[in-house]
2 protein chains.
Amino acid sequence: MAGLTPKTTRRIGLAQMQMSSDTDQNLDHAREMVRQLAQSGAEIVCLPELFRSPYFPREGNTSHFELAEPIQGPSTEALSRLAAELQVVLIVPIFEKREAGLYHNTAVVIDADGQVAHTYRKMHIPDDPYFYEKFYFAPGDLGFHAADCRAGRIATLICWDQWFPEAARLVALDGAQMLFYPTAIGWIDGEDDDENAAQRESWLTVQRAHAIANGVFVIAVNRVGQEENLNFFGSSFVCDPQGRILEQAAADKEQALIVEIDLNRIQEMRQGWPFLRDRRIDAYADLDKRFRR
Amino acid sequence: MAGLTPKTTRRIGLAQMQMSSDTDQNLDHAREMVRQLAQSGAEIVCLPELFRSPYFPREGNTSHFELAEPIQGPSTEALSRLAAELQVVLIVPIFEKREAGLYHNTAVVIDADGQVAHTYRKMHIPDDPYFYEKFYFAPGDLGFHAADCRAGRIATLICWDQWFPEAARLVALDGAQMLFYPTAIGWIDGEDDDENAAQRESWLTVQRAHAIANGVFVIAVNRVGQEENLNFFGSSFVCDPQGRILEQAAADKEQALIVEIDLNRIQEMRQGWPFLRDRRIDAYADLDKRFRR
């Protein structure tokens with residue numbers, strides 16, 4: 001073909017952070033990691049879920065609502081300026097205050113010009129011992145979508161969404177090439193090593209399967225470090241559309257990781273394994289049932 | 001609670017077979033393997049996809065339609081007698097002749113009394129080099145269902161269905177505890193070892209993810225051996241609802257494998273990871289679209 005061939009590689013930055021109890025310090029620290037990653041060539045950087053604070057849903061306590069902020073608020077404003085300065089796309093997870101008494105667990109995509117390109121409100125809300133998210137977050141009402149940004153067409157889902165194949169499928173059907181999961185997943189003190197390893201393996205497996213089933217890149221960015229009785233296990237990773245883990249961060253320390261991917265791999269995999277061709281869209285109606293019995 | 005506690009363990013038999021070009025010999029051989037597994041305590045035995053013949057969709061050739069048989073035909077009749085004699089549930093994959101010019105890739109579940117308990121017609125039909133199934137098989141029209149048999153509530157899906165999370169979800173929503181995949185997957189001569197290993201790893205990963213996402217046991221039973229330019233890679237396995245592989249057969253030889261599972265593990269996993277509680281059934285409607293753009 002005549003003409004210039006557009007670049008198909010992308011450099012993805014993963015900011016695997018440890019959070020302190022000082023929210024200003026966490027913002028400063030995030031900015032440092034973004035700057036470092038951008039200076040090393042990252043075109044898009046993802047921060048961990050709720051990066052401004054310790055993982056407060058560890059307990060149900062109304063005082064933690066003070067941590068919430070609007071989408072146009074301190075976090076997004078500071079990081080919009082940084083995105084424009086560094087010409088880098090940023091995925092900024094916030095504790096969103098939408099209205100008095102209405103809060104969400106939200107990811108804001110800021111394009112490389114500093115403008116908001118996409119907003120995603122966490123759709124699947126967990127509620128398990130030490131992960132009391134239903135206390136804080138109303139379920140998202142923006143659905144599952146992808147959006148264009150300077151790095152390509154991307155989607156963000158958040159943490160617990162990782163376990164739901166429907167979410168990954170819906171954003172892939174909306175054209176997502178890269179699926180980002182800002183995350184806060186950890187082990188609870190007192191479980192044994194074998195169970196902990198099995199849980200992390202399940203977490204990796206289910207996300208690698210989304211990459212395979214949909215022919216997309218999956219990028220998970222977890223926090224790291226001990227917070228009271230929770231040990232967030234890092235292990236942030238990028239996997240390709242065949243489910244191969246291209247690179248993975250450590251389980252026990254902060255890490256700024258850059259991973260180069262080639263978007264051509266999406267078409268290559270989907271031509272070899274044409275799952276999108278063969279879906280039985282005439283037979284999936286019961287997926288919108290709670291149970292079929 | 002008062003009363004007897006019902007047994008929750010099940011012994012699953014996997015007949016990882018190598019096929020010859022003699023269809024009678026393949027039936028005899030299947031019967032031998034079933035007998036051996038049942039005598040070793042198997043309560044349910046799964047045979048590989050299209051176990052009566054070599055993998056004929058390797059080429060498109062109308063003469064292969066002669067291999068087809070009705071659901072009440074030689075394979076199911078022979079194996080119904082055996083099921084009743086041995087008091088074992090059998091999953092019998094056949095090349096189904098439904099009507100002149102109308103064929104399916106079908107799995108028949110024969111209960112331990114010899115009666116047909118369930119019929120599944122392969123819904124997702126592949127068509128790739130040396131896997132020309134669209135030439136032979138009309139897409140199934142029975143949908144995705146589970147059925148009760150003496151071993152519990154089970155579902156069968158077939159091979160290419162493995163790559164579609166929708167199928168696994170729908171049978172789990174229909175109450176399946178065990179999800180069986182009779183399979184014929186192989187490597188094509190001329191690909192390198194790294195690519196072959198990656199393909200098998202993707203195949204394992206996507207099925208383990210179905211177990212995790214749905215909290216069910218997954219059992220895959222593949223054929224094994226070289227057939228012309230195709231090398232069927234066995235590797236039949238059982239994994240638990242956390243995605244842990246409990247046992248796996250070899251890649252390069254026949255194997256009759258018995259794996260004991262405990263159905264209590266389903267409830268245990270689903271209480272720990274309550275995905276069925278949190279599905280956003282209000283937001284999945286677009287799953288019945290081919291694409292959303």
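Points to keep in mind about this one:
- Rolling a 1.4 Å probe over the protein chains gives B:Ile188 an accessible area of about 40 Å².
- Local electrostatic count, A:Val88, Cβ distance below 14 Å [Lys/Arg +1, Asp/Glu -1]: +1
- Inter-site label distance for A:Asp193 and A:Arg290 at 7 Å from Cα along Cβ, in nm: 4.3 nm
- Estimated buried accessible area (total), pair A and B, 1.4 Å, Å² to nearest 100: 5700 Å²
- Global form of chain B, assessed from the alpha-carbon gyration tensor, a/c cut-off 1.5: rounded
- Order of exposure, largest accessible area first, which applies to B:Arg11, B:Arg153, B:Arg277 with probe 1.4 Å: B:Arg277, B:Arg11, B:Arg153
- Cross-link pairs A:Lys289/B:Lys134; A:Lys134/A:Lys289; A:Lys122/B:Lys289; B:Lys7/B:Lys97; A:Lys289/B:Lys289 - those with Cα-Cα distance over 27 Å: A:Lys289/B:Lys134; B:Lys7/B:Lys97
- Measuring r between the beta carbons of B:Ile281 and A:Asp282 and using R0 = 22 Å, the FRET efficiency lands at 0.70.
- Carbon and sulfur %, accessible surface of the stretch A:9-274 computed with the full protein complex present, 1.4 Å: 44 percent
- Peptide-level mean, for A:165-176, of C-beta atoms on other protein chains within 10 Å: 5
- Peptide A:133-145, shielding by other chains (average Cβ, 10 Å cutoff): 2
- Virtual paramagnetic centre 7 Å along Cα→Cβ of B:Glu66, amide N under 18 Å, in the stretch B:1-36: B:20-27
- Net lengthening on full extension, A:Glu99/A:Glu268 (0.36 nm per residue, minus Cα-Cα): 56.3 nm
- Expressed to the nearest 5 percent, the antiparallel share of DSSP beta bridges inside the protein assembly as shown is 70 percent.
- Largest GNM mean-square fluctuation across A:Ser63, A:Ser75, A:Ser21, computed for chain A with C-alpha springs under 10 Å, falls on A:Ser63.
- Largest accessible area first, the residues A:Thr183, B:Thr8 order themselves as B:Thr8, A:Thr183 under a 1.4 Å probe with ligands, DNA and RNA left out.
- Here A:Asn61 yields copy-to-copy label distances, from shortest upward, of 7.3 nm, the label point defined as 7 Å from Cα along Cα to C-beta.
- DSSP beta bridges in the stretch A:9-274 [antiparallel fraction, %, rounded to 5]: 70 percent
- Three-way shape label, the stretch A:76-180, alpha-carbon gyration tensor, a/c 1.5: oblate
- In Å², nearest 10: area of B:Cys159 left accessible to a 1.4 Å probe: 10 Å²
- Electrostatic dipole magnitude of the stretch B:71-191 [Cβ: Lys, Arg +1; Asp, Glu -1; Cα centre; debye, to 20]: 240 debye
- A probe of 1.4 angstrom, applied to the heavy atoms of all protein chains, finds B:Arg31 with accessible area near 70 square angstrom.
- Top of A:Ala220, A:Ala172, A:Ala209 by mean-square fluctuation, Gaussian network on chain A, Cα under 10 Å: A:Ala209
- Sequence ranges A:173-182, A:116-125, B:251-260, ranked by mean other-Cβ count within 10 angstrom, highest first: A:173-182, A:116-125, B:251-260
- Fraction of antiparallel bridges per DSSP, the stretch B:151-250 only, in percent to nearest 5: 60 percent
- Shielding value for B:194-204 is 3, the average number of Cβ atoms from other chains within 10 Å of each residue's Cβ.
- Debye, to nearest 20: dipole size of the protein assembly as shown, +1 on Lys, Arg Cβ, -1 on Asp, Glu Cβ: 1220 debye
- Of the DSSP H helices in chain A, not one has a Cα length along its own long axis of 30 Å or more together with a mean Kyte-Doolittle hydropathy reaching 0.5.
The values are calculated or read from the model by the stated rules, or taken from the named source; none is laboratory data. All values derive from a computational prediction rather than experimental measurement. Glycine also receives a Cβ, built like all others from the backbone with ideal geometry; neighbour counts cover every protein chain displayed. These area figures cover heavy atoms from the full protein model, side chains too; ligands, DNA and RNA do not enter into them. Shrake-Rupley method; radii C 1.70, N 1.55, O 1.52, S 1.80 Å.
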